[in-house]
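The values are calculated or read from the model by the stated rules, or taken from the named source; none is laboratory data. Bear in mind that the values here come from a model prediction, so they are computed numbers and not experimental data. Cβ atoms come from the backbone with ideal geometry, glycine included; neighbour counts cover every protein chain shown.
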Amino acid sequence: MLTITLNRPDVLNAFNTAMHEGFRTALKEARDQDVRAVVLTGAGRGFCVGQDLNEFREGADDVGERLRKNYNPSVLALRTLDKPVLAAVNGVAAGAGLALACACDLRLSAASATFVPAFVNIGLVPDTGATYFVTRLLGYSRAFEWLCSGRRLSAADAHAWGLVLEVVEDGRLAERAAGLAATLAALPTGAIGMTKRLLERAALSDLAEQLELEAQLQSVAVGSEDFREGVSAFLEKREPRFTGR
Ligand code: T3D
């Protein structure tokens, strides 16, 4: 299991150039086959508040290019990791930080954490995939209301909306996230990665295409050591020991 900690606590882990570089490096490490689950969290009292607005003091240069160069490759790298990815939202998640939390497969939230779209509050449109992820997680109507109001959502409300899986007492978030990540890491990682691909395609495919992709990926899964182990364990009436191979 790998924990990626966004670490600029003085500014609630807002992204500057150095943090983009560190995040890219960590996401490369996360691709290692021996890493079977990833936790994304923040240092200090925030999760991540997106772009460091101090970088706009001198005016905004080509923001589209900055997104293409920094946020977009990272969110694609995060979203396409073929293993479970868990956001442990320890504090406020805003702007691109909210989008990154939503790009993860699951979200655990500290009780005091909050969720703020933020973009509209400074006259921007949502980016870093926020429109893609929030619409898929919440549906159009809630996505529209929330992204266009920019209002702060409590952890309890985020849970009621289905945005977060669990709300955890503040001091226990890291422990709970590590426990859940360990459980996820013990699953047949190849099958989990392919399930992610299928879920991603499901919103875009017609039934015939989806059935075909399921058949293709099942042929891959059936060739794995984890499939052999799963069947053996079932027949021998014991717990399986999956290796992710
Ligand atoms: O060019 C590109 O790359 C474009 C990409 C854009 C992607 C984006 O993410 S755009 C959205 C950027 N983010 C925001 O607009 C969020 C701005 N922050 C806030 O609205 C609030 O701070 C929060 C709702 C997130 C949290 O509120 P609160 O009351 O819990 O904390 P606070 O007191 O406002 O903030 C604490 C400190 O963090 C404070 O510094 P100080 O006064 O203690 O020295 C604050 O200035 C700093 N901070 C918070 N957000 C940012 C930030 N500093 C720099 N950049 C921030 N985004």
For S109, all conditions in the list (1) touching a helix residue (DSSP H, G or I) at 6+ places or on another chain (Cβ under 9 Å); (2) at positive phi; (3) more than 8 Å from the ligand (Cβ to nearest atom) hold save one; what is the number of the exception? (2)
Do we find that A215 is modelled with pLDDT under 95, of a type in the set (A, V, I, L, M) and surrounded by fewer than 12 Cβ atoms within 10 Å (Cβ to Cβ) in this structure? no
Residue satisfying all of: in the stretch 24-68; of a type in the set (A, V, I, L, M), surrounded by fewer than 19 Cβ atoms within 10 Å (Cβ to Cβ) and near the ligand (Cβ under 10 Å from one of its atoms); farthest from the chain's Cα centre (by Cα) among these: A60
Does the stretch 169-178 contain at least one residue that is in contact (Cβ under 8 Å) with a residue 40 or more places away in the chain and within 16 Å of the ligand (Cβ to nearest atom)? yes
Which listed residue is of a type in the set (F, W, Y), assigned to a helix (DSSP H, G or I), under 26 Å from L53 (Cα atoms) and over 19 Å from the mean Cα position of the chain (by Cα), from F133, F144: F144
Candidates A221, A177, A185, filtered to the one that is surrounded by 15 or more Cβ atoms within 10 Å (Cβ to Cβ), among the hydrophobic types (A, V, I, L, M, F, W, C) and under 18 Å from V92 (Cα atoms): A177
Filter the stretch 2-23 down to residues that are buried (at least 19 other Cβ atoms within 10 Å of the Cβ) and not aromatic (F, W, Y) and give me whichever is farthest from T128 (Cα to Cα). L2
